[in-house]
1. Please turn the phi angles of region 51-58 into ³J(HN,Hα) values with the Karplus equation 6.51 cos²θ - 1.76 cosθ + 1.60 (θ = phi - 60°), one per residue in order, whole Hz, x for glycine and proline.
2. Measure off, as a whole percent, the carbon and sulfur share of the 1.4 Å-probe accessible area of region 176-286, all protein chains present.
3. Provide the per residue accessible area, probe 1.4 Å, for region 1-108, rounded to a whole number of square angstrom.
4. Which residues' amide hydrogens lie under 5 Å from the amide hydrogen of residue 240, considering only partners 5 or more residues apart or on another chain, with H built in the peptide plane?
5. In square angstrom, rounded to the nearest 10, how much accessible surface does residue 275 have for a 1.4 Å probe?
6. Counting only heavy atoms of the protein chains, get the accessible area per residue of region 161-246 (1.4 Å probe) and round it to a whole Å² value.
7. For a quick check: with amide H placed at 1.01 Å from N, whose amide H comes under 5 Å from residue 274's, ignoring anything fewer than 5 positions away on the same chain?
8. Using the Cα gyration tensor of region 133-200, with a ≥ b ≥ c the square roots of its eigenvalues, what is the shape: rounded (a/c below 1.5), prolate (a/b larger than b/c) or oblate (neither)?
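The values are calculated or read from the model by the stated rules, or taken from the named source; none is laboratory data. Quick caveat, the model's predicted, so the values are computed rather than measured. Heads up, the Cβs are rebuilt from the backbone with ideal geometry, glycines too, and the neighbour counts pull from every protein chain shown. The area values use the complete protein model at the heavy-atom level, side chains included, leaving out ligands, DNA and RNA. Shrake-Rupley method; radii C 1.70, N 1.55, O 1.52, S 1.80 Å.
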Amino acid sequence: MNTEPAQPDDEYLIRPDPHDPRLTERVKGVDQTGAAIETAVTVERALTMFLNSQEIVTAMTINDHPEYLALGYLLNQNMLKPDDVVTGVDYDEELSVVVVRTKRKTNYEKKLKKKVQTSGCAQGTVFGDLMEALEGVTLPQAELRTSWLYTLTHKINTTPSLYLEAGAIHGCVLAVKDRPLVYMEDVGRHNAVDKIAGWMFKHQVPAADKIFYTTGRLTSEMVIKTVRMGIPILISRSGFTAWGVELARKANLTLIGRARGKRFIALAGEDRIVFDQDLAYVEEESAKHRRKAAVHDE
């Protein structure tokens, strides 16, 4: 059943709030000339996640959506199943603990001993048996019109965000056609992905017609998580890793990187792309909204 909330055409369902006082702090220092300055810095906090009575992990996060983060993390680690009945998600702000409770009994003691460390700013982890969970996954047929891609990336890059306010953060966006739906940010791109996965699970949002956008690199973990969510198209403004490309090709995931201004590169699933946009009418990315990866191939 599709219970995706209704959305006005010009509004996100969830978007960053760069003015949330919990998410940034003002810090004094000096610049390259020695002049006194004051700047905003992103705040990170420890959040411990439990599945029923078992402690699973402690993650560093901006902690704006702890319930979605916990649900998405457990889903993407293959510890919470898509058909599991969640009986409760309890968050204790004082203890910085979130507990996901399920009708099914769980015990992941052995799995917790079998972790594989993955690349990424926040050092995400992925369990060794996740590759097995991808076996037999068939991504739905879909299309990506280049007119949607250019409109979507422009909307995302000009949306007020913690990145533009304070930096030191990654963003991920769930979209349909050229409409961004949910925009999550966090100190690690893995957390941002997991929060979107948790939101989709909570609201029973279908994945077949969705597009996933990230500011981070297209690594093996980004590909695995996108495929596990059932989303057929993954776009990034950053570059690729070889294993990320290999896995995307095996899963028939459309993989697009270095999407900035008029440019992009597709290295997997190119058959989904419909080239309907006249590039003469596409603007280059403005310096104001250019991110750290923007000069990768200048």
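1. 10, 6, 9, 9, 6, 9, 6, 10
2. Values: 1980 of 3790 Å².
Using a 1.4 Å probe with all protein chains present, region 176-286 comes out at 52 percent carbon and sulfur.
3. Values: 6290 Å² over 108 residues.
Per-residue value: 58 Å².
4. 218
5. Roll a 1.4 Å probe over it and residue 275 shows about 150 Å².
6. On the way: 1980 Å² over 86 residues.
It amounts to 23 Å² per residue over region 161-246.
7. 144, 145, 146
8. Oblate.
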